[in-house]
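Enquirer: Mind looking over this structure? Questions follow.
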Amino acid sequence: MKNYLNESYDFNDAELVSILDEFSLWSAPFGLKLLECVEMKHGINALDIGFGSGFPLLELAQRLGSTSKIYGIDPWDAAINRVDQKIRFYGLTHTQVQHAVAEKIPFPDQFFDLIVSNNGLNNVEDLDQSLSECYRVTRHGAQMVITMNLPETFIEFYDIFHETLTELSLEKHFKDMEDHIFHKRKPADYLRNKLEIHGFSVFQMHLDSFTYKFADGTALLNYSFFKICFLDGWKSCVEASLIPLVFGRLEGNLNKYAQKNNGIELTVPFACFDMKRT
(Lines give C-alpha, C1' and ligand atoms only; values in the text may rest on other atoms or scores of the structure.)
Protein backbone atom coordinates (compact mmCIF):
# COMPACT_ATOMS: atom_id res chain seq x y z
CA MET A 1 0.00 0.00 0.00
CA LYS A 2 1.25 3.49 -0.85
CA ASN A 3 2.43 5.59 2.05
CA TYR A 4 -0.11 8.36 1.47
CA LEU A 5 -2.91 5.90 2.12
CA ASN A 6 -1.54 5.12 5.59
CA GLU A 7 -1.42 8.71 6.83
CA SER A 8 -4.07 10.37 8.99
CA TYR A 9 -4.38 13.84 10.49
CA ASP A 10 -6.00 15.33 13.56
CA PHE A 11 -7.46 18.74 12.72
CA ASN A 12 -7.39 19.70 16.38
CA ASP A 13 -3.64 19.09 16.60
CA ALA A 14 -2.16 22.52 17.40
CA GLU A 15 1.11 21.56 15.71
CA LEU A 16 -0.70 20.75 12.46
CA VAL A 17 -2.50 24.10 12.49
CA SER A 18 0.70 25.97 13.31
CA ILE A 19 2.53 24.71 10.23
CA LEU A 20 -0.28 24.38 7.70
CA ASP A 21 0.59 27.31 5.47
CA GLU A 22 -0.93 25.49 2.51
CA PHE A 23 -4.39 26.53 3.71
CA SER A 24 -3.47 30.13 3.00
CA LEU A 25 -1.96 29.15 -0.36
CA TRP A 26 -5.20 27.38 -1.32
CA SER A 27 -7.48 30.18 -0.10
CA ALA A 28 -5.45 33.10 -1.48
CA PRO A 29 -6.78 33.13 -5.11
CA PHE A 30 -10.38 32.98 -3.85
CA GLY A 31 -9.74 35.53 -1.10
CA LEU A 32 -7.98 38.08 -3.29
CA LYS A 33 -10.99 38.15 -5.61
CA LEU A 34 -13.29 38.46 -2.58
CA LEU A 35 -11.31 41.41 -1.20
CA GLU A 36 -11.51 43.17 -4.57
CA CYS A 37 -15.30 43.12 -4.26
CA VAL A 38 -15.66 44.23 -0.64
CA GLU A 39 -16.75 47.84 -0.13
CA MET A 40 -14.24 49.17 2.40
CA LYS A 41 -16.21 51.45 4.73
CA HIS A 42 -15.74 53.01 8.15
CA GLY A 43 -17.73 52.01 11.21
CA ILE A 44 -19.30 48.76 10.09
CA ASN A 45 -19.88 45.34 11.64
CA ALA A 46 -18.41 42.58 9.49
CA LEU A 47 -18.54 38.79 9.81
CA ASP A 48 -16.26 36.16 8.25
CA ILE A 49 -17.92 32.73 8.14
CA GLY A 50 -15.46 29.83 8.22
CA PHE A 51 -12.27 31.87 8.66
CA GLY A 52 -10.05 28.79 9.02
CA SER A 53 -6.45 29.80 9.70
CA GLY A 54 -7.28 33.50 9.43
CA PHE A 55 -7.49 34.53 5.79
CA PRO A 56 -9.16 36.77 4.74
CA LEU A 57 -10.41 37.60 8.26
CA LEU A 58 -7.20 39.27 9.45
CA GLU A 59 -6.59 40.97 6.12
CA LEU A 60 -10.12 42.38 6.16
CA ALA A 61 -9.74 43.57 9.76
CA GLN A 62 -6.61 45.53 8.86
CA ARG A 63 -8.04 46.98 5.66
CA LEU A 64 -11.30 48.13 7.30
CA GLY A 65 -9.45 49.67 10.24
CA SER A 66 -10.27 50.09 13.90
CA THR A 67 -13.52 52.06 13.41
CA SER A 68 -15.17 48.79 12.36
CA LYS A 69 -15.84 45.63 14.33
CA ILE A 70 -14.83 42.38 12.65
CA TYR A 71 -16.10 39.02 13.87
CA GLY A 72 -15.32 35.50 12.78
CA ILE A 73 -17.05 32.17 13.35
CA ASP A 74 -15.67 28.70 12.73
CA PRO A 75 -16.20 25.27 14.34
CA TRP A 76 -12.46 24.43 14.18
CA ASP A 77 -11.17 24.93 17.73
CA ALA A 78 -7.45 24.54 17.04
CA ALA A 79 -7.64 27.14 14.27
CA ILE A 80 -9.58 29.51 16.54
CA ASN A 81 -6.74 29.34 19.07
CA ARG A 82 -4.20 29.99 16.32
CA VAL A 83 -6.12 32.99 14.97
CA ASP A 84 -6.55 34.38 18.48
CA GLN A 85 -2.77 34.31 18.76
CA LYS A 86 -2.44 36.24 15.50
CA ILE A 87 -5.05 38.80 16.62
CA ARG A 88 -3.07 39.46 19.80
CA PHE A 89 0.22 39.69 17.92
CA TYR A 90 -1.16 42.19 15.39
CA GLY A 91 -3.01 44.15 18.07
CA LEU A 92 -6.35 43.87 16.30
CA THR A 93 -8.48 44.79 19.29
CA HIS A 94 -11.50 45.38 17.04
CA THR A 95 -11.50 41.71 15.94
CA GLN A 96 -13.09 38.74 17.72
CA VAL A 97 -13.44 35.08 16.79
CA GLN A 98 -15.52 32.31 18.31
CA HIS A 99 -16.64 28.73 17.89
CA ALA A 100 -19.92 28.62 15.95
CA VAL A 101 -21.50 27.22 12.82
CA ALA A 102 -23.22 29.06 9.98
CA GLU A 103 -26.49 27.24 10.67
CA LYS A 104 -26.70 29.04 14.02
CA ILE A 105 -24.93 32.40 13.89
CA PRO A 106 -24.64 33.72 17.47
CA PHE A 107 -25.55 37.35 16.76
CA PRO A 108 -28.80 39.33 16.90
CA ASP A 109 -31.02 40.17 13.95
CA GLN A 110 -29.81 42.84 11.50
CA PHE A 111 -26.42 43.17 13.19
CA PHE A 112 -24.03 43.07 10.22
CA ASP A 113 -23.29 45.45 7.37
CA LEU A 114 -21.00 42.94 5.68
CA ILE A 115 -20.64 39.16 5.55
CA VAL A 116 -17.81 37.38 3.77
CA SER A 117 -17.11 33.68 3.41
CA ASN A 118 -14.06 32.53 1.50
CA ASN A 119 -14.78 29.03 0.24
CA GLY A 120 -16.48 28.38 3.56
CA LEU A 121 -20.21 28.05 2.91
CA ASN A 122 -19.58 25.06 0.65
CA ASN A 123 -18.51 23.14 3.77
CA VAL A 124 -21.63 23.70 5.87
CA GLU A 125 -23.99 20.88 6.77
CA ASP A 126 -27.15 22.77 5.73
CA LEU A 127 -26.73 25.48 3.09
CA ASP A 128 -30.36 26.61 3.20
CA GLN A 129 -30.31 27.10 6.96
CA SER A 130 -26.94 28.88 6.73
CA LEU A 131 -28.22 31.32 4.12
CA SER A 132 -31.37 31.93 6.19
CA GLU A 133 -29.13 32.83 9.11
CA CYS A 134 -27.05 35.15 6.91
CA TYR A 135 -30.25 36.96 5.93
CA ARG A 136 -31.39 37.20 9.55
CA VAL A 137 -28.19 38.77 10.89
CA THR A 138 -27.69 41.28 8.05
CA ARG A 139 -29.24 44.71 7.73
CA HIS A 140 -31.25 45.78 4.71
CA GLY A 141 -28.77 46.69 1.98
CA ALA A 142 -25.87 44.85 3.64
CA GLN A 143 -23.20 43.45 1.36
CA MET A 144 -22.35 39.75 1.26
CA VAL A 145 -19.38 38.43 -0.73
CA ILE A 146 -18.67 34.73 -0.91
CA THR A 147 -16.43 32.47 -2.98
CA MET A 148 -16.86 28.81 -3.82
CA ASN A 149 -14.91 26.46 -6.04
CA LEU A 150 -17.01 24.81 -8.71
CA PRO A 151 -17.75 21.17 -9.71
CA GLU A 152 -15.09 21.19 -12.44
CA THR A 153 -12.37 21.58 -9.77
CA PHE A 154 -9.56 19.07 -10.47
CA ILE A 155 -11.50 17.79 -13.48
CA GLU A 156 -8.27 16.42 -14.97
CA PHE A 157 -7.77 14.25 -11.88
CA TYR A 158 -11.37 13.05 -11.82
CA ASP A 159 -11.27 12.14 -15.53
CA ILE A 160 -8.30 9.84 -14.86
CA PHE A 161 -10.01 8.50 -11.71
CA HIS A 162 -13.07 7.74 -13.86
CA GLU A 163 -10.92 5.93 -16.44
CA THR A 164 -9.26 3.94 -13.66
CA LEU A 165 -12.60 2.74 -12.32
CA THR A 166 -13.59 1.74 -15.86
CA GLU A 167 -10.38 -0.26 -16.31
CA LEU A 168 -11.11 -2.12 -13.07
CA SER A 169 -14.78 -2.73 -14.01
CA LEU A 170 -15.88 -0.61 -11.04
CA GLU A 171 -18.42 1.53 -12.88
CA LYS A 172 -20.77 1.06 -9.91
CA HIS A 173 -18.70 3.71 -8.11
CA PHE A 174 -19.32 6.43 -10.72
CA LYS A 175 -22.31 7.71 -8.74
CA ASP A 176 -20.26 7.74 -5.53
CA MET A 177 -17.80 10.04 -7.28
CA GLU A 178 -20.58 12.27 -8.61
CA ASP A 179 -22.19 12.50 -5.17
CA HIS A 180 -18.83 13.34 -3.57
CA ILE A 181 -18.29 16.20 -6.03
CA PHE A 182 -21.81 17.61 -5.68
CA HIS A 183 -21.70 17.44 -1.88
CA LYS A 184 -18.72 19.81 -1.77
CA ARG A 185 -19.01 21.79 -5.02
CA LYS A 186 -22.30 23.07 -6.37
CA PRO A 187 -22.77 24.55 -9.88
CA ALA A 188 -22.64 28.35 -10.10
CA ASP A 189 -26.24 28.71 -11.30
CA TYR A 190 -27.46 26.44 -8.49
CA LEU A 191 -25.67 28.65 -5.96
CA ARG A 192 -26.98 31.86 -7.48
CA ASN A 193 -30.54 30.55 -7.33
CA LYS A 194 -30.10 29.54 -3.67
CA LEU A 195 -28.75 32.98 -2.76
CA GLU A 196 -31.64 34.79 -4.44
CA ILE A 197 -34.24 32.49 -2.86
CA HIS A 198 -32.84 33.47 0.53
CA GLY A 199 -33.11 37.19 -0.05
CA PHE A 200 -29.79 38.23 -1.58
CA SER A 201 -29.68 40.12 -4.86
CA VAL A 202 -26.61 39.00 -6.81
CA PHE A 203 -25.38 41.86 -8.96
CA GLN A 204 -21.98 40.41 -9.84
CA MET A 205 -20.92 36.80 -10.28
CA HIS A 206 -17.22 36.69 -11.11
CA LEU A 207 -15.90 33.46 -12.62
CA ASP A 208 -12.18 32.79 -12.36
CA SER A 209 -9.70 29.92 -12.01
CA PHE A 210 -6.18 28.98 -11.02
CA THR A 211 -4.05 25.85 -11.38
CA TYR A 212 -1.92 23.40 -9.45
CA LYS A 213 0.98 21.85 -11.38
CA PHE A 214 2.79 18.62 -10.49
CA ALA A 215 5.64 16.64 -12.01
CA ASP A 216 3.67 13.41 -11.81
CA GLY A 217 0.89 11.53 -10.05
CA THR A 218 3.08 10.33 -7.22
CA ALA A 219 3.93 13.92 -6.31
CA LEU A 220 0.24 14.89 -6.58
CA LEU A 221 -0.99 12.13 -4.27
CA ASN A 222 1.76 12.84 -1.73
CA TYR A 223 1.19 16.61 -1.72
CA SER A 224 0.59 17.48 1.93
CA PHE A 225 -2.43 19.74 1.41
CA PHE A 226 -4.19 17.19 -0.77
CA LYS A 227 -3.48 14.43 1.73
CA ILE A 228 -4.92 16.50 4.56
CA CYS A 229 -7.93 18.02 2.80
CA PHE A 230 -8.88 15.91 -0.23
CA LEU A 231 -7.59 12.36 0.06
CA ASP A 232 -10.28 11.13 2.45
CA GLY A 233 -12.96 12.38 0.06
CA TRP A 234 -11.32 10.62 -2.88
CA LYS A 235 -10.99 7.40 -0.88
CA SER A 236 -14.68 7.59 0.09
CA CYS A 237 -15.61 7.06 -3.58
CA VAL A 238 -14.73 3.36 -3.39
CA GLU A 239 -15.12 0.52 -0.90
CA ALA A 240 -12.42 0.44 1.76
CA SER A 241 -11.21 -2.99 0.68
CA LEU A 242 -10.62 -1.71 -2.86
CA ILE A 243 -8.64 1.40 -1.94
CA PRO A 244 -5.15 -0.14 -2.35
CA LEU A 245 -6.05 -1.61 -5.74
CA VAL A 246 -7.79 1.50 -7.06
CA PHE A 247 -5.23 4.01 -5.88
CA GLY A 248 -2.31 1.87 -7.03
CA ARG A 249 -3.80 1.84 -10.53
CA LEU A 250 -4.80 5.51 -10.28
CA GLU A 251 -1.27 6.57 -9.37
CA GLY A 252 0.09 4.60 -12.31
CA ASN A 253 -2.40 6.19 -14.70
CA LEU A 254 -1.62 9.67 -13.39
CA ASN A 255 2.08 9.01 -13.95
CA LYS A 256 1.43 7.81 -17.50
CA TYR A 257 -0.58 10.96 -18.17
CA ALA A 258 2.22 13.13 -16.74
CA GLN A 259 4.83 11.41 -18.89
CA LYS A 260 2.82 12.12 -22.05
CA ASN A 261 1.92 15.71 -21.10
CA ASN A 262 5.07 16.97 -19.36
CA GLY A 263 3.42 16.91 -15.95
CA ILE A 264 -0.08 17.32 -14.59
CA GLU A 265 -1.99 20.59 -14.38
CA LEU A 266 -5.13 20.65 -12.25
CA THR A 267 -7.66 23.43 -12.80
CA VAL A 268 -9.58 25.08 -9.94
CA PRO A 269 -12.49 27.15 -11.32
CA PHE A 270 -14.39 29.23 -8.80
CA ALA A 271 -17.14 31.82 -8.48
CA CYS A 272 -17.20 34.99 -6.43
CA PHE A 273 -20.70 36.27 -5.65
CA ASP A 274 -21.10 39.95 -4.80
CA MET A 275 -24.58 40.69 -3.52
CA LYS A 276 -26.83 42.82 -1.37
CA ARG A 277 -29.37 41.78 1.20
CA THR A 278 -32.80 42.85 -0.07
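The values are calculated or read from the model by the stated rules, or taken from the named source; none is laboratory data. Computed from a predicted model, the values in this text were never measured in an experiment. Methodologically, a virtual Cβ is constructed for each residue, glycine included, from the backbone with ideal geometry; neighbour enumeration extends over all protein chains shown.
Enquirer: Only residues that are in contact (Cβ under 8 Å) with a residue 60 or more places away in the chain and in a loop (DSSP other than H, G, I, E, B): list them for region 172-196, please.
Expert: Matches in region 172-196: ARG185, LYS186.
Enquirer: Spot the failing condition for ASP159; the list is (1) out of contact with any strand residue (DSSP E or B) (no Cβ under 9 Å at 6 or more places or on another chain); (2) buried (at least 17 other Cβ atoms within 10 Å of the Cβ); (3) part of a helix (DSSP H, G or I), and only one is missed.
Expert: (2)
Enquirer: Here is a further query. Looking for something farther than 27 Å from CYS237 by Cα, touching a residue at least 12 places away in the same chain (Cβ under 8 Å), of a type in the set (Gly, Ala, Ser) and in contact with a strand residue (DSSP E or B) (Cβ under 6 Å, 6 or more places away or on another chain) - is there at least one such residue anywhere in region 200-212?
Expert: Yes, region 200-212 contains at least one residue that is farther than 27 Å from CYS237 by Cα, touching a residue at least 12 places away in the same chain (Cβ under 8 Å), of a type in the set (Gly, Ala, Ser) and in contact with a strand residue (DSSP E or B) (Cβ under 6 Å, 6 or more places away or on another chain).
Enquirer: Separate question: From the list GLY72, GLY54, GLY65, GLY43, exactly one residue is out of contact with any Cys (no Cβ under 7 Å at 6 or more places or on another chain) and within 26 Å of PHE210 (Cα to Cα). Which is it?
Expert: Going through GLY72, GLY54, GLY65, GLY43 in turn, just one is out of contact with any Cys (no Cβ under 7 Å at 6 or more places or on another chain) and within 26 Å of PHE210 (Cα to Cα): GLY54.
Listed here are the residues, each with its yes/no results for (1) of a type outside the set (D, E, K, R); (2) closer than 19 Å to GLU7 by Cβ.
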residue	(1), (2)
LYS213	no, no
THR218	yes, yes
TRP234	yes, yes
PRO244	yes, yes
GLY248	yes, yes
GLY263	yes, no
LEU266	yes, no
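This table checks each residue for (1) under 20 Å from LEU221 (Cβ atoms); (2) among the acidic types (Asp, Glu); (3) out of contact with any Lys or Arg (no Cβ under 6 Å at 6 or more places or on another chain).
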{"position": "ARG139", "(1), (2), (3)": "no, no, yes"}
{"position": "MET144", "(1), (2), (3)": "no, no, yes"}
{"position": "THR147", "(1), (2), (3)": "no, no, yes"}
{"position": "GLU156", "(1), (2), (3)": "yes, yes, yes"}
{"position": "THR164", "(1), (2), (3)": "yes, no, no"}
{"position": "GLU167", "(1), (2), (3)": "yes, yes, yes"}
{"position": "HIS173", "(1), (2), (3)": "yes, no, yes"}
{"position": "HIS180", "(1), (2), (3)": "yes, no, yes"}
{"position": "LYS186", "(1), (2), (3)": "no, no, yes"}
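Enquirer: Looking at ILE146, ILE115, which is the one that is buried (at least 19 other Cβ atoms within 10 Å of the Cβ) and closer than 19 Å to PRO269 by Cα?
Expert: Going through ILE146, ILE115 in turn, the sole match is ILE146.
Enquirer: In region 1-107, which strands (runs of 3 or more DSSP E) lie fully inside it and hold 3 or more residues that are modelled with pLDDT of 90 or more, crowded, with 21+ Cβ neighbours inside 10 Å and hydrophobic (A, V, I, L, M, F, W, C)?
Expert: By residue number, 45-49.
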